[in-house]
Amino acid sequence: MKAKTLISIIAFVTAFSISVGIASLLQPQREEHSCFWALGRNKVEETFENPEVAAKITALLEEDIANGNLRDTKLQQLINDAVEPSEYESQKAIITREYWQVSSTIETENLPDDFVRAWQKHMQAWEKYADFLEDSTRADYKHCGERKYHKKISDTWYEVLRIAKQYGAEIPEGAY
């Protein structure tokens, strides 16, 4: 009985090894520099490394991050000044709208269409958040509702960064 089990195991391992070897020979080979495996996805995504496009995308990201840092500095100043909560909420809406207005006008001409679409979706998420802040009057309701806007902003930002990487852009410090 032991010999029969041992022979079955050996036969299985041999058949499995042969099938793996044959399968690997039949799969098309991917070039290292043109594709990467997208973690968590069932597809291979192409990369399009073009130094000029990469530099333009990096510049856009840097400009947006600088705008975001200015926004955050203004909000922090309100906290440091210990403004009343209602005044903070009012100013937060104004500061968020200003950020959106400046960042949404960053030049996207001659950038790849998929990157521009992702950028526009990200800016739309910020615009909707600014609208929400301006329209909300009750602070307790506002804090609960803000979560969905923050998630949409984060999701669209990570999509912008994912596509930027495909084009070889450097992701600036402060992007995450």
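Every number here is computed from the coordinates shown, using simple stated rules; none is lab data. Everything quoted here is computed from the prediction, not taken from an experiment. Cβ sites come from the backbone with ideal geometry, for glycine too, and all protein chains shown count toward neighbours.
Separation of the alpha carbons by more than 21 angstrom is noted, of Lys92/Lys151; Lys74/Lys148; Lys128/Lys152; Lys74/Lys165, for Lys74/Lys148; Lys74/Lys165.
Kirkwood radius for the stretch 44-166, taken over all pairs of different Cα atoms as the inverse mean of 1/r, rounds to 15.6 Å. For Glu98 paired with Ile65, estimate the spin-label separation in nm (one decimal), with each label point 7 Å from Cα along the Cα-to-Cβ line. Going by the 7 Å Cα→Cβ label model, 2.2 nm. Computed from the C-beta positions of Asp72 and Asp155 and an R0 of 22 Å, the FRET efficiency is 0.65 to the nearest 0.05.
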